[in-house]
Amino acid sequence: MNAQTIEHVHAADEDGTGGRIGRFLSDTRAVFTREIVVVLRDPFSLVFSLLQPLVFLALFAPLLGGMVGGDGIGDASALEWFLPGVIVMICVFGTGMTGSNLQYEMQTGSYERILASPLSRASILTGRALKEFAPLVVQALVITLVAVPLGVTPHLAHVLVGILLLGVFGIGLGALSYALAIATRGKEWMFWTVQQSLTFPLLLLSGMMLPLETGPDWMRTVARFNPLTYIVDAERELFMGTFASSTVLWGAVAAALTCAGGLAVGIRTIRRSAR
Amino acid sequence: MIHTEGLTKTFQRGKQLVHAVKGVDLDVAPGELVAFLGPNGAGKSTTLRMLTTLLSPSSGSARVAGADVRTQPALVRRRIGYIGQGNGAGHNYRVIDELRAQGSFHRLAPAVSRERAAELLRALQLNGLEKRPVMSLSGGQRRRLDVAMGLMNHPPLLFLDEPSTGMDPQGRANLWEHIIRMRDDLGMTLVLTTHYLEEADDMAERVIVIDHGTVIADDSPGRLKLDHADDVITLTFGAVDEADVAKRALRADQRYADRFEERAGEAVVLATDHGARQLPGILHLLEAAGARPEAAAIREATLDDVFLNLTGRSLREDDTPDAAEDGSAAARTANTTDGADAA
Ligand SMILES: Nc1ncnc2c1ncn2[C@@H]1O[C@H](COP(=O)(O)OP(=O)(O)O)[C@@H](O)[C@H]1O
Ligand SMILES: [Mg+2]
């Protein structure tokens, strides 16, 4: 047994790529690239995913007239209030699906192959979540531009920061979805049941679709414990063109916590699945 | 390269405990080509999964490529290649994309990755399929792609779980030719599992027979057959009388007295090591006694005989139809007259 030789031969590969962070980033890029190439090779689904937010907008905008001057939406026009909500919703739907592709890969051997590679666990989670998130970047920009003729003032820098914040949140949510896929391994229906029954309350109790200010007390109390509430509020503030506000800061905190918590749960779930 | 002590895996299935692997002690030296041979459910895959960090052992320890699977799993993964028993290539991806992705997962520079992908596609006869989605490939092509992916990082230690399942004999031969070439080029250590007897026999320099999670034999195929099985020589005579003469002569010779089956009829059946080497001497002996067989056949000992003698069960009764279809390839017939003349 000459572990010595092996140790020696591989001394070079231990730290080659510039430490942990560098490795995390390059691993994440590798995972992301594998997934996004599939999307890019299928232009139909790409175009469809860009149209989807426009459909939302076309169906909702005409109904918003009735809300003008309504309680709870502050200075914003109904559309300005509603737009960030749609973008958050797309993010939640998109990254919440992260685990669904995994279900299939677990049945073949491809998930196992990836786990046997040297990829860091956090980058597997992050890369896959970002793949679900990527279309949103384009979608958000498209929807914002389309809203301009409808009377929404575009604050591009703010919108980009808003997208970044959503990205951080999306990684956390994606990692949770991934963990759910592992936990419900081989039972696809269970994945969807749990996923759906968590997503909708989460959305409604964040004031994303309808203002909670007019809702009952208990709803507002629950909403205060929902990280999504802070994200939605921060996005609204950002889309109105405000950076320096505690709302934005709380949104960032909520996003960071979701991200850290989601990754921690995800990594733990991957490790436990080896038991 | 590999050192394990008491490697054990117990699964919990509902309220029941499944003892998949029970205390495996193993040493594999650099450059060895080792095959785990055993029936379905013997614990081959579970053992490989522990060695590749995909499962953590319930107890015991393992060092693989100089790192501990429990405490340094990331290091182990960096130094090994793993070709699992399922399809490693994702069905919705294109062939070339999967190869390149695998390269990037092993942190190869894109140029290196491109070059190796092209090389492997050629070597494993997958060229022309680069742009095909994996799900459109045939079973054999898919398996070769899996192997190509496992070789992308030129690992010093490669694990293959049932590598040639679903391939035709020609494809299997090709695959092995390539794996062996890579092994010679790179000095790889190979650990594979198989339930194809011939594959273990032809390819492996060392066969570890595993059954019910326990290693029951561990040696070169030749040695295993010498120790645990016999070649069978069947001599067929023109008449029963002549066969009886032969039996009497054999019974009188202490080398053969307890080596042949007492069976009525024209045939005399002897079990012995080194059948081909023994045959001329036997023919000589019989000739002197006045018995000359019409035909002589040697069926060489197989690893199945080894398994049968060790466990009382045949590996061929096992699962898949193609495990049986391979047949007893090792049967060989010798021409009596030639044999007698040579002796
Ligand atoms: N994840 C698991 N959970 C429960 N039992 C398992 C699991 N994996 C394997 N087993 C059981 O462990 C035993 C050994 O399986 P395996 O290692 O796959 O055998 P082989 O690869 O030799 O066919 C079998 O009885 C199998 O059913
Ligand atoms: Mg197996």
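Any idea which residue in the range A:89-125 is nearest to the other protein chains (Cβ to nearest Cβ), counting only those that are closer than 22 Å to A:L203 by Cα and over 10 Å from the mean Cα position of the chain (by Cα)? Even if it seems obvious, please write down each step before you answer.
Looking only at the range A:89-125, we keep the residues that are closer than 22 Å to A:L203 by Cα, and these are A:89-100.
Next, from what is left, pick out any that are over 10 Å from the mean Cα position of the chain (by Cα): A:99-100.
Numbers: A:G99: 15, A:S100: 13 Å.
Checking each candidate, the answer is A:S100.
May I ask you to verify whether B:T193 is away from ligand 1 (no atom under 16 Å from the Cβ) and modelled with pLDDT of 90 or more?
On the way: away from ligand 1 (no atom under 16 Å from the Cβ): no; modelled with pLDDT of 90 or more: yes.
Here the answer is no, as B:T193 does not meet what is asked.
Of the residues B:R259, B:R251, which single one is free of Cβ contacts under 8 Å to residues at least 12 places away in the same chain and outside the structural domain of B:P221 (by TED's automatic domain parsing)?
After applying the criteria, what remains is B:R251.
From the set of residues in the range B:23-33 that are part of a strand (DSSP E or B) and more than 16 Å from ligand 2 (Cβ to nearest atom), which is farthest from the other protein chains (Cβ to nearest Cβ)?
If we take residues in the range B:23-33 being part of a strand (DSSP E or B) and more than 16 Å from ligand 2 (Cβ to nearest atom), then B:G23 is farthest from the other protein chains (Cβ to nearest Cβ).
Go through the range A:204-218 and report how many residues are in contact with a Gly (Cβ under 9 Å, 6 or more places away or on another chain) and part of a helix (DSSP H, G or I).
Qualifying residue count for the region: 3.
Within the range B:97-129, can you find the residues that are outside any loop (DSSP other than H, G, I, E, B), among the small types (G, A, S) and either in contact with a Leu (Cβ under 8 Å, 6 or more places away or on another chain) or more than 12 Å from chain A (Cβ to nearest Cβ) (or both)?
Across the range B:97-129, the qualifying residues are B:A111, B:S113, B:A117, B:A118, B:A123.
Given the conditions (1) farther than 21 Å from A:T144 by Cα; (2) open to solvent by less than 70 Å² (accessible area, probe 1.4 Å), report the number of the one that A:I231 does not fulfil.
Among (1) farther than 21 Å from A:T144 by Cα; (2) open to solvent by less than 70 Å² (accessible area, probe 1.4 Å), A:I231 violates only (1).
Inside the range A:129-145, can you point out the residues that are open to solvent by 10 Å² or more (accessible area, probe 1.4 Å) and closer than 23 Å to A:A264 by Cα?
A:L130, A:K131, A:E132, A:F133, A:A134 - these are the residues of the range A:129-145 that are open to solvent by 10 Å² or more (accessible area, probe 1.4 Å) and closer than 23 Å to A:A264 by Cα.
Check B:S45, B:S61 and return the single one that is within 12 Å of ligand 2 (Cβ to nearest atom) and not in a loop (DSSP other than H, G, I, E, B). Spell out the reasoning first.
Numbers: B:S61 fails: within 12 Å of ligand 2 (Cβ to nearest atom).
That would be B:S45, the only listed residue that is within 12 Å of ligand 2 (Cβ to nearest atom) and not in a loop (DSSP other than H, G, I, E, B).
Quickly run through the range A:242-275 and pick out the residues that are hydroxyl-bearing (S, T, Y) and either under 19 Å from A:G170 (Cβ atoms) or surrounded by 14 or more Cβ atoms within 10 Å (Cβ to Cβ) (or both).
Across the range A:242-275, the qualifying residues are A:T242, A:S245, A:T247, A:T258, A:T269, A:S273.
What residue, among those in the range B:38-96 that are among the charged types (D, E, K, R), open to solvent by 20 Å² or more (accessible area, probe 1.4 Å) and closer than 21 Å to B:N153 by Cβ, is farthest from the other protein chains (Cβ to nearest Cβ)?
B:D68
Just one of the numbered conditions (1) open to solvent by less than 50 Å² (accessible area, probe 1.4 Å); (2) of a type in the set (A, V, I, L, M, F, W, C); (3) more than 16 Å from ligand 2 (Cβ to nearest atom); (4) in contact (Cβ under 8 Å) with a residue 12 or more places away in the chain is not true of B:A118; which one?
(4) is the only condition that B:A118 fails.
Could you name every one of the strands (runs of 3 or more DSSP E) located completely within the range B:218-307 that has at least 1 residues being crowded, with 21+ Cβ neighbours inside 10 Å and over 31 Å from the mean Cα position of the chain (by Cα)? Working first, answer last.
Numbers: elements: B:231-236, B:267-272, B:295-299.
Answer list for the range B:218-307: B:267-272.
Filter the range A:198-227 for residues that are open to solvent by less than 70 Å² (accessible area, probe 1.4 Å) and under 30 Å from A:T108 (Cβ atoms) and give the result. Steps first, answer last, please.
Filtering the range A:198-227 for residues open to solvent by less than 70 Å² (accessible area, probe 1.4 Å) gives A:199, A:201-203, A:205-209, A:211-212, A:215-216, A:219, A:221-223, A:226-227.
Correct list: A:T199 only.
Determine whether the range B:199-208 contains at least one residue that is touching a Gly at 6+ places or on another chain (Cβ under 9 Å), in a loop (DSSP other than H, G, I, E, B) and more than 15 Å from ligand 1 (Cβ to nearest atom).
no
Any residue at all in the range B:177-191 that's assigned to a helix (DSSP H, G or I) and not assigned by TED's automatic domain parsing to the domain that holds B:L145? Walk me through how you get there before you give the answer.
Within the range B:177-191, the subset assigned to a helix (DSSP H, G or I) is B:177-186.
Remaining after also requiring not assigned by TED's automatic domain parsing to the domain that holds B:L145: none.
Scanning the range B:177-191 turns up no residue that is assigned to a helix (DSSP H, G or I) and not assigned by TED's automatic domain parsing to the domain that holds B:L145.
The values are calculated or read from the model by the stated rules, or taken from the named source; none is laboratory data. Just so it is clear, the model here is predicted, and its values are computed rather than measured. Heads up, the Cβs are rebuilt from the backbone with ideal geometry, glycines too, and the neighbour counts pull from every protein chain shown. Quick note on the areas: whole protein, heavy atoms, side chains included, nothing else; ligands and nucleic acids left out. Shrake-Rupley method; radii C 1.70, N 1.55, O 1.52, S 1.80 Å.
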